[in-house]
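Structure first, then comments.
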Amino acid sequence: MAVSGVGYVEEFLRVGETRIQLFRGGRGDPVVVLHGAGGGSWLPTSARLAEAFTVYAPVHPGFGASDDPPWLQGVDDLVLFYLDFLDTLGLERVHLIGTSLGGWIAAEFAVSHQHRLRSLVLVDAAGIHVPGAEMADLFVMDPTTRARTLFHNPAVLEQALAAQPTPEMLQVELRQRVTVAKLAWNPYFHNPKLPRRLGRIRVPTLILWGRHDHLIPSAVGQAYEQAIPGARLVFIEEAGHSPLREAPEACAKAIIPFLRGHV
Amino acid sequence: MESYFFHLMPWPHLPEDFDEKYDSAWVTLPNRLYDPVRGHEIYNQYLDELEYADALGFDGICVNEHHQNAYGTMPSPNLVAATLARRTSRAKLAILGNALPLRDHPLRVAEEVAMLDVITGGRVIHGIVRGLGAEYHSNNVNPVYSRERFLEAHELIVRAWTEPGPFRFEGKHYQLRYVNPWPRPLQQPHPPIWVPGTGSPETIVWAAQKRYPYLQVYSPVKTIRKAFDDYRKAAEAAGYTASPKQLGWMTLIYVAETDGAAWQEAKEAALYLFHKVSKRPLEIYLPPGYLGLNPLVEQARVDKVKSRERSFEELVQDGFVILGSPATVAEQLRAYQREMGFGILCALLHFGTLSHELTLRNLELFAKEVMPNLRAI
């Protein structure tokens, strides 16, 4: 997939006692991108955003090459971690983008620490339960079913299906699945208290949803739109659950003007 | 050697098209397939079999806990033990076991098992398990904390039975302001604790350290041999020599008049157990964190899942099934006992779709013609 965009550096950052992996690239106002349950990387959309902003894409504790600290037991722990993360980098106010699990973390961050945000972008975000719009059960899916559930873009899907993980990659994946279970086993990928709290959010909010998301129904995006004052929901047509990976041009087209409007 | 009759209480009426239509007999198998009218008949038939084992002189009868599946229909083993408590008089009631981490209130287990112990005059064996991986889906309990919860619930229950109450318990997973169960158990300091397992090394070492009998659930003979050796090693490391009474083997046994009849009569029923009601996708069998963080351990379990692919002949050859005439079965068990040194046999004498009549005859032949040969070893 040919995507324009600027390069990045991969480094380690110590936040308190926890060392995490961090992808960073570009120049301009700070944008933080929080990844989903599948793990962190420099996403094609991050590369596009880095043309206009400084993009920070941290790998959550318990994922990738980041530490797996014993205190990590819930999304609330990650919210506090990312507060420390901003302090460590000296970032006063940032644009916060979160996808899937990362969208849940971003929404929780916004309800409690919005004074640190310029804007909020939720992409196919987990975090709330909408009766009748059940999120599919990731924990019972075999790898093939999981890939078919997550991706609509044929090239991305094909790449996922063809993956031949090395033993090292399997070890990382196993650890990530355990971390996801810690965060999202019960209640399943949501916080029952979050829907009511979303009404506190006063920062400009954009919600993106892959038109073909088979993991989290778009009714969840609509519920986010209704619960967050002034939020706007935009569908990304040629994407499934992972628009930032599957449709970087469409995402960049939606996100960049929105961020520029709220500097 | 002591002989126990172990029952799984499987659902024997899966539809003809089960293989094609359903990918799991666990967690997601639609419960419309459970017919309560037939269930009434089945439960009572199974209970009759357990009661008959008491009359036949088995050392004990065993019940266990599984949830939302066709493999074993005893979500509450304590309820089944309660129905047996006053209908049996000699056999130990072995609850193998209560799945402690699945409980948000393990004190309830301490209360119920103490009740059973008092009612039966001290015939209860308190088995404790983590529950299979699938149960963590069914109960929405986080598999990551399975072992922590198991250990903490175990500690709570033992302390509830042995320390004067009321006292306070503040754990990571369980917090109670008043631990003060009425009744207290009759057996002192508490009912015997047994640990059935599927081979987790941590469980084996822990059981050996605590001197709790460890029971290996049906597995290939080489796995059982290794489990027992690991237990004995862990016992030596803990400063004592394990006795055969601390090692149990839970296996499927079928006795008929002749070897040929045994092979013929047991095959379909046994394959129903191994090929149908044991069917579950890997992701349901091994939820994340259930086995810790070692992918090699996961791989070993993946191999075990493949027992679903074994033919009947292979199941017999690998020791999942012991069958034949009374003389053949007794000789095989004596040989295995000499080799592996276990002192507890939990015989699955009903399995799969085995009929009530054949189950009763299996119980009878085992009790009358096999068991006497095992008593002295």
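Sort out which residues of the stretch B:239-266 are over 30 Å from residue B:356 (Cβ atoms), open to solvent by 50 Å² or more (accessible area, probe 1.4 Å) and assigned to a loop (DSSP other than H, G, I, E, B), and write them in order of number. Step through it out loud before you land on a result.
Filtering the stretch B:239-266 for residues over 30 Å from residue B:356 (Cβ atoms) gives B:239-247.
Applying the additional criterion that residues be open to solvent by 50 Å² or more (accessible area, probe 1.4 Å) yields B:239, B:241, B:244-245.
If the condition is that a residue be over 30 Å from residue B:356 (Cβ atoms), open to solvent by 50 Å² or more (accessible area, probe 1.4 Å) and assigned to a loop (DSSP other than H, G, I, E, B), then B:239, B:241 are the ones that fit.
Considering A:161, A:183, which residue is surrounded by 18 or more Cβ atoms within 10 Å (Cβ to Cβ) and either in contact (Cβ under 8 Å) with a residue 12 or more places away in the chain or closer than 30 Å to residue A:261 by Cβ (or both)? First the steps, then the outcome.
Numbers: A:161 fails: surrounded by 18 or more Cβ atoms within 10 Å (Cβ to Cβ).
Matching residue, one of A:161, A:183: A:183.
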Task: Residues of the stretch B:108-142 classified as within 12 Å of chain A (Cβ to nearest Cβ) and touching a residue at least 40 places away in the same chain (Cβ under 8 Å), total - done: 8
Task: Residue satisfying all of: in the stretch B:188-204; touching a helix residue (DSSP H, G or I) at 6+ places or on another chain (Cβ under 6 Å) and assigned to a loop (DSSP other than H, G, I, E, B); modelled with the lowest pLDDT among these - done: B:199
Task: Filter result (acidic (Asp, Glu) and not in a loop (DSSP other than H, G, I, E, B)) within the stretch B:1-56 - done: B:2, B:19, B:20, B:41, B:48, B:49, B:51, B:54
- [ ] Scan the stretch A:229-255 and report the pairs whose first residue is on the phi > 0 side of the Ramachandran plot and whose second residue is surrounded by 24 or more Cβ atoms within 10 Å (Cβ to Cβ), with Cβ atoms within less than 8 Å and a gap of 6+ or a chain change.
- [x] A:230/A:205
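Run down A:72, A:78 and say which single residue is part of a loop (DSSP other than H, G, I, E, B) and either within 27 Å of residue B:293 (Cβ to Cβ) or open to solvent by less than 10 Å² (accessible area, probe 1.4 Å) (or both). Can you show your working first?
Working: A:78 fails: part of a loop (DSSP other than H, G, I, E, B).
None of the others qualify; the one that does is A:72.
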TODO: Could you please give the count of residues in the stretch B:70-102 that are open to solvent by 20 Å² or more (accessible area, probe 1.4 Å), closer than 29 Å to residue B:33 by Cα and among the small types (Gly, Ala, Ser)?
DONE: 2
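Restricting to the stretch B:57-69, and then to whatever is in a strand (DSSP E or B) and open to solvent by less than 20 Å² (accessible area, probe 1.4 Å), can you tell me which residue is nearest to the other protein chains (Cβ to nearest Cβ)?
Ranking the candidates gives B:63 first.
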Open item on the list: I'd like the full set of residues that are open to solvent by less than 10 Å² (accessible area, probe 1.4 Å) and assigned to a strand (DSSP E or B), limited to the stretch A:234-263.
Closed with: A:236
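If you go through the stretch B:288-310 one residue at a time, do you hit one that is modelled with pLDDT of 95 or more and out of contact with any Pro (no Cβ under 8 Å at 6 or more places or on another chain)?
The answer is no; no qualifying residue exists.
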Open item on the list: Considering only the stretch A:221-240, I want to know if a residue exists there that is of a type in the set (A, V, I, L, M), more than 24 Å from residue A:194 (Cα to Cα) and over 18 Å from the mean Cα position of the chain (by Cα).
Closed with: no
- [ ] Within the stretch B:337-371, track down each residue that is open to solvent by 40 Å² or more (accessible area, probe 1.4 Å) and either over 17 Å from residue B:270 (Cα atoms) or among the polar types (S, T, N, Q) (or both).
- [x] B:338, B:339, B:353, B:355, B:364, B:368, B:369
- [ ] For the stretch A:144-184, enumerate the residues that are more than 14 Å from chain B (Cβ to nearest Cβ) and basic (Lys, Arg).
- [x] A:148
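Restricting attention to the stretch A:185-220, report how many residues are within 14 Å of chain B (Cβ to nearest Cβ) and under 22 Å from residue A:119 (Cβ atoms). Explain how you work it out, then say what you get.
So in the stretch A:185-220, the residues within 14 Å of chain B (Cβ to nearest Cβ) come out as A:185-190, A:192.
Among the residues that remain, those that are also under 22 Å from residue A:119 (Cβ atoms) are: none.
So the count comes out to 0.
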Task: Those residues of the stretch B:143-167 which are within 24 Å of the chain's Cα centre (by Cα) and either part of a loop (DSSP other than H, G, I, E, B) or within 14 Å of chain A (Cβ to nearest Cβ) (or both), in sequence order - done: B:143, B:144, B:145, B:146, B:147, B:148, B:149
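Criterion first (closer than 13 Å to residue B:154 by Cα and either among the hydroxyl-bearing types (Ser, Thr, Tyr) or open to solvent by 10 Å² or more (accessible area, probe 1.4 Å) (or both)) does residue B:108 satisfy it?
Details: closer than 13 Å to residue B:154 by Cα: yes; either among the hydroxyl-bearing types (Ser, Thr, Tyr) or open to solvent by 10 Å² or more (accessible area, probe 1.4 Å) (or both): yes.
So residue B:108 passes the test.
Report, by residue number, each residue of the stretch A:196-215 that is under 24 Å from residue A:149 (Cβ atoms), out of contact with any Phe, Trp or Tyr (no Cβ under 8 Å at 6 or more places or on another chain) and surrounded by 17 or more Cβ atoms within 10 Å (Cβ to Cβ). Before you say what the answer is, go through the steps one by one.
To start, the set of residues in the stretch A:196-215 that are under 24 Å from residue A:149 (Cβ atoms) comprises A:207-215.
Still in the running and out of contact with any Phe, Trp or Tyr (no Cβ under 8 Å at 6 or more places or on another chain): A:212-215.
If the condition is that a residue be under 24 Å from residue A:149 (Cβ atoms), out of contact with any Phe, Trp or Tyr (no Cβ under 8 Å at 6 or more places or on another chain) and surrounded by 17 or more Cβ atoms within 10 Å (Cβ to Cβ), then A:212, A:213, A:215 are the ones that fit.
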Task: Qualifying residues in the stretch A:120-143 (those that are free of Cβ contacts under 8 Å to residues at least 24 places away in the same chain and within 11 Å of chain B (Cβ to nearest Cβ)) - the one surrounded by the most Cβ atoms within 10 Å (Cβ to Cβ) - done: A:140
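The values are calculated or read from the model by the stated rules, or taken from the named source; none is laboratory data. As the structure is a prediction and not an experimental result, all values here were calculated from the model. With ideal geometry, Cβ positions are generated from the backbone for all residues, glycine too; neighbour counts draw on all protein chains shown. These accessible areas exclude ligands, DNA and RNA; they are computed on the full protein's heavy atoms, side chains included. Shrake-Rupley method; radii C 1.70, N 1.55, O 1.52, S 1.80 Å.
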